[in-house]
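Below is one structure, written out as structure tokens; the observations come after it.
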Amino acid sequence: MNSDEKPNLGKKFKVKKSGNNSTQPKANSKGLIAVVDDDEDSRTVIGMILENLGYEVISFDRGEKVLSGLRGTPVKLVMLDIMMPGMDGYQVLEHLRADEEFEDLPVFMVTAKSEEDEVIAGYKHGADYYIMKPFSSSQVEYGLRLFIEGKTKKRHVLVVDEDITKSSEES
């Protein structure tokens, strides 16, 4: 990207043309979802899935802009990549959980990190749901139904007992 190009930080993501540039969701929308990923292709794919499901999307390509970009915005959920330059997804998640405005906001980790310890690290940092790349639209839809469409009202806390891991490895 040259210095004349503007990054897609906090810019309203649109697959379909619309004259509405507000961060307020339209009346016929299911709501606004934030997508945070440094990879433009990932933001585009996730955005198309979300729009096909009836949601509007606001996207960020850097973690540093998320809190200020979302402040006062009626976002229903954040879909967050882990591996990003600058502030990574874990750091963004910690900031979201420490901020009263966002502490209960559902956050999905959408990442290529698939090792068990990495998935558990996401939950330990406060993630609500974990989607591994590559993913299907069905995985995204299922998670949205759980956390937005009324099946899960509050965040689950994952408790990891390291003794369980030791005892299962010893047997």
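The values are calculated or read from the model by the stated rules, or taken from the named source; none is laboratory data. All values derive from a computational prediction rather than experimental measurement. FYI the Cβ positions are ideal-geometry reconstructions off the backbone, even for glycines, and counts take in every protein chain you see. Note: areas computed on protein heavy atoms with side chains; ligands, DNA, RNA excluded. Shrake-Rupley method; radii C 1.70, N 1.55, O 1.52, S 1.80 Å.
In region 105-124, of all residues being outside any helix (DSSP H, G or I) and more than 13 Å from the chain's Cα centre (by Cα), the one that is surrounded by the fewest Cβ atoms within 10 Å (Cβ to Cβ) corresponds to GLU115. What about VAL92, is it at pLDDT 95 or above and either farther than 23 Å from MET48 by Cα or assigned to a helix (DSSP H, G or I) (or both)? Yes: the conditions hold for VAL92. For region 8-20, the count of residues that are modelled with pLDDT under 95 and either under 17 Å from PHE147 (Cβ atoms) or part of a helix (DSSP H, G or I) (or both) is zero.
Contact map, region 122-150: first residue closer than 13 Å to PRO106 by Cβ, second residue among the small types (Gly, Ala, Ser) and surrounded by 18 or more Cβ atoms within 10 Å (Cβ to Cβ), Cβ cut-off under 6 Å, separation 6 or more or different chains; pairs are TYR129/GLY143; TYR130/GLY122.
For region 52-65, the criterion of being farther than 12 Å from ALA34 by Cα, open to solvent by less than 60 Å² (accessible area, probe 1.4 Å) and either free of Cβ contacts under 8 Å to residues at least 60 places away in the same chain or touching a His at 6+ places or on another chain (Cβ under 7 Å) (or both) is met by at least one residue. When the criteria are applied in full, LEU77 fails the requirement of being farther than 22 Å from ASP41 by Cα and open to solvent by less than 20 Å² (accessible area, probe 1.4 Å).
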